[in-house]
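Read through the structure below, which is laid out as structure tokens, and then see the notes.
The values are calculated or read from the model by the stated rules, or taken from the named source; none is laboratory data. Model, not experiment: these values are computed from the prediction. Here the Cβ positions follow ideal geometry from the backbone for every residue, glycine too, while neighbour counts run over all protein chains shown. Heads up: the accessible areas ignore ligands, DNA and RNA and are worked out on the full protein's heavy atoms, side chains in. Shrake-Rupley method; radii C 1.70, N 1.55, O 1.52, S 1.80 Å.
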Amino acid sequence: MLDHKAVGIAPDLLQHKEKVLSFVLAQYQRMPDFLKLPFGILTFCFNFWGLVTGGRFFIYLSASQQKKQIQAWQSSSLKISRDFIKFYESLVIFSGCSYV
Amino acid sequence: MSNSPLTCQVAVIGSGPGGAITACLLAEAGRDVLLIEEGRNLPLESCPPFSHTELEQKYRSGGVTVAFGSPKIQYVEGCCVGGGSEINSGLYHRTPPDLLQQWQRDFKVIGLLEQDLLPHFQACETALSVGYCPGELPLASLKLHQGAQSLGWESREIPRWFRYDKSPSGELNQGTRQSMTKTFIPRALAAGCQLQAQTSVKSLHPENGGKRWRIRAVSQGKAVDIMAETVFVCCGAIQTPALLHRSGIKHNIGKSLAMHPTVKVVAQFPEVVNPPHVGVPMHQVKEFAPKISFGCSISSFPYLSLALSDHQVALNHVHTHWSQMAIYYAMITGGQGKITILPGFRDPLVQYHLTPNDLKALATALQKLCYLLLTAGAEILYPSISGSPPLTCFDDLNQLPQSLPRDRSNLMTVHLFSSCPMGEDEQRCATNSFGQVYGLKNLYIADASLLCTAPGVNPQGSIMAIAHRNALHFLGKL
């Protein structure tokens, strides 16, 4: 999810990709315990959705396919899908921009 | 104090403004005080203010906390020694006098009018060096003030708990926030108070016919029991009712949570208004207070990028222009929420309900704020409503909704209170007028939970003064 072509973030803002990834994972661990399980399941579903629509788990899709899936979930009529993308997007933007 | 289990005369749970002041005054009066804090004991300077490191070090759940409802409201709580005082803006207000009268009338609070609180305000203001910024104010702050002045609206600089020291060349520095770790906690420790950080209290149990409390806690992975004759719960408006619920104490606890729901707007100006390291600007517009207030938020590049992520503004554009941008907010005093413990989970569920009238009030507040910012010379405004077009002229204000849409509004708050209101009306209140929990003589609350309703201003001044008053009352010094 951290490929700049996939999330539309300028490459220079994501030069600290590993730090951003570690921040996102740490924030997931810190979130209230009753939210962790639903978010974990949603993250699994998101990854699995790539298999359904693109023949591979999301993490193995090409950047353009990943972008397409993110946009599909972002504009979904299901609020839970939009919130899911918004959550990860917020963490990536906030931490990515913090290292610039 | 002895070992296994720890014993003390007074246990103060939570080291934010309410807990730190209580622990300090009780220790200075010679009481054997143990101050228990769930978060880490870190100096104020352990991380840059409003940084992602601060989120990691000092915020509960890394700042990933939300009140469920339609719309959801994101909120934050401090979780470190010093609590919220370590992470907030440092803006100071006394409790509005008419609000104290309202609390007296509606909640039957006694001894809490303006003249009663005055010595406590003064004591806290002296301890925290509350005052106005001695230097030039940031332009982002002045823009809000100028816009308000042009419209004839009341606007003023808000004092802060900052201390300004002179360099050897005689110049004043940018100021140091006088948080609890800079003020009351060192005083408490000097008076003999013991601090136990990274200790999470699970529940309270009365023993010996209610004459003392067994505090069940976990300290760095190990179960710890602490015995205390008196307990002050000072964990804030969410965690205090959560702890009391876990302990089976529920009378009027956690059912009346209030907050200041806040909607934001990013304004881009033609000139630089937001130089690096400026902190939170100091002006607030009080023309429509207490129902509606306007102010400025932290506007660093990461926060601006986050605020603009809904508007498809390219991050490169934000990166290039962020010093011309600032985040402003409009806040109201509406809505009500509750705190619930979910079986099997540690963290409490927070729910908050906004009525259609609250959403109309937020929309009105947003419209007025946008009008002010355009008057102040803003070129583009980005309201925090998903899918809302940028506003560039007064005619564009007609595009703003008459009521904030429940599914597209991004609301947040940093002010939470009123979950255990104080007063003599036992049908409505959780504690008496001095924070003593009804039915339990040696259990007290001393934090934002006690405020009867939303104050409409930054609440830390009220929390500190009430904690100061209640601690002196406990000591028999009032």
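Report, please, the projected area of chain B averaged over directions, based on the convex hull of its C-alpha atoms, in nm².
Numbers: hull surface 91.1 nm².
It is 22.8 nm².
Among all the aspartates and glutamates, which ones have a C-alpha under 14 Å from B:Lys477's C-alpha, if same-chain residues fewer than 8 places away are not counted? Qualifying aspartates and glutamates at Cα under 14 Å: B:Glu28, B:Asp116.
From the cross-link list A:Lys19/A:Lys68; A:Lys19/B:Lys338; B:Lys182/B:Lys368, which pairs have alpha carbons spaced over 27 Å apart? Before the final figure, lay out the partial values.
Values: A:Lys19/A:Lys68 25 Å; A:Lys19/B:Lys338 37 Å; B:Lys182/B:Lys368 38 Å.
Beyond 27 Å: A:Lys19/B:Lys338; B:Lys182/B:Lys368.
Once all protein chains are placed together, B:Trp161 keeps about 0 Å² accessible to a 1.4 angstrom probe. Ordered from longest to shortest, the equivalent ellipsoid semi-axes for region B:104-236 are 41, 24, 16 Å, each the square root of 5 times a Cα gyration tensor eigenvalue. Ignoring lysines fewer than eight residues from A:Lys79 along the same chain, the ones with Cα atoms less than 16 angstrom from its Cα are B:Lys72.
When the helices in chain B are scored as -39500 (n - 2.57) per DSSP H run of 4 or longer and the sum is shared across all residues, what 222 nm value do you end up with, to the nearest 500 deg cm²/dmol? Could the numbers behind the result be given before it?
Working: 11 runs with 124 residues, N = 478.
About -8000 deg cm²/dmol.
By its C-alpha gyration tensor, with a ≥ b ≥ c as the square roots of the eigenvalues, how is region B:52-97 shaped: rounded for a/c under 1.5, else prolate for a/b larger than b/c, else oblate? Verdict is oblate for region B:52-97. In summary, the lysines within cross-link reach of B:Lys202, defined as a Cα separation below 18 angstrom excluding same-chain residues under 8 places away, comprise B:Lys222, B:Lys250.
Taking 0.36 nm per residue of sequence separation and subtracting the Cα-Cα distance, how much length would be gained by fully extending the chain between B:Ser403 and B:Asp98, in nm to one decimal? List each step's numbers first, then the result.
On the way: separation 305, 0.36 × 305 = 109.80 nm, distance 2.86 nm.
Separation in residues times 0.36 nm, less the Cα-Cα distance, equals 106.9 nm.
Where the alpha-carbon atoms of region B:245-312 are placed on the principal axes, they occupy 56, 30, 25 Å, in descending order. Evaluate the Debye formula for region B:354-439 with equal point scatterers sitting on the alpha carbons, no solvent, and hand back log10 of I(q)/I(0) at q = 0.19 Å⁻¹, in q order, two decimals. Calculated log10 I(q)/I(0) at the listed q: -0.83.
Diffusion of region B:65-169 by Stokes-Einstein, at 10 °C in a medium of 1.306 mPa s and with Rh set to the Kirkwood radius over alpha-carbon pairs, works out to 91 µm²/s. With semi-axes defined as the square roots of five times the eigenvalues of the C-alpha gyration tensor, the equivalent ellipsoid of the protein assembly as shown measures 38, 29, 23 Å, largest first.
Stokes-Einstein diffusion for region B:331-384 at 20 °C, viscosity 1.002 mPa s, with a Kirkwood radius from C-alpha pairs, works out to 154 µm²/s. Across region B:317-326, rounded Karplus estimates of 3J(HN,Hα) from the backbone phi angles (6.51 cos²θ - 1.76 cosθ + 1.60, θ = phi - 60°) give 5, 5, 4, 6, 10, 5, 6, 8, 10, 8 Hz, Gly and Pro being marked x.
Residues whose amide H comes within less than 5 Å of that of B:Gln336, counting only those at least five positions distant or on another chain, are B:His353 (H built at 1.01 Å from N in the peptide plane). Under 5 Å between amide hydrogens, built in the peptide plane, is the criterion, and for B:Ser247 it picks out B:Leu204 among residues at least 5 positions away or on other chains.
When accessible surface is computed with a 1.4 Å probe, chains A and B are found to bury approximately 2400 Å² between them, both chains counted. Amide H contacts of B:Leu411 (H built 1.01 Å from N, in plane; Pro and chain starts excluded): B:Gln74 sit under 5 Å, all sequence-distant by 5 or more or on other chains.
Relative contact order, percent, of region B:369-412 when contacts are C-alpha pairs under 8 Å separated by at least 6 residues?
Details: 34 pairs, mean separation 16.4, N = 44.
Once divided by the residue count of region B:369-412, the mean separation gives 37 percent.
Can you give the percent of C-alpha pairs in region B:431-478 whose distance is more than 13 Å? Could you put the intermediate results ahead of the total?
Numbers: 625 of 1128 pairs.
Here the long-distance tail beyond 13 Å is 55 percent of all Cα pairs in region B:431-478.
Ranked by solvent-accessible area (1.4 Å probe, protein heavy atoms only, all chains present), the residues A:Tyr99, B:Tyr132 order from largest to smallest as B:Tyr132, A:Tyr99. Counting only Cα atoms, chain A measures 35, 33, 22 Å along its principal axes, largest extent leading.
Given R0 = 30 Å, the distance between the Cβ atoms of A:Gln71 and B:Lys291 translates into a calculated FRET efficiency of 0.15.
Taking all protein chains together, B:His321, B:His260 sort by accessible area into B:His321, B:His260, largest first [probe 1.4 Å]. For region B:400-434 and region B:289-336, compute the distance between their C-alpha centroids and round to whole Å. So the separation of the two Cα centres works out to 23 Å.
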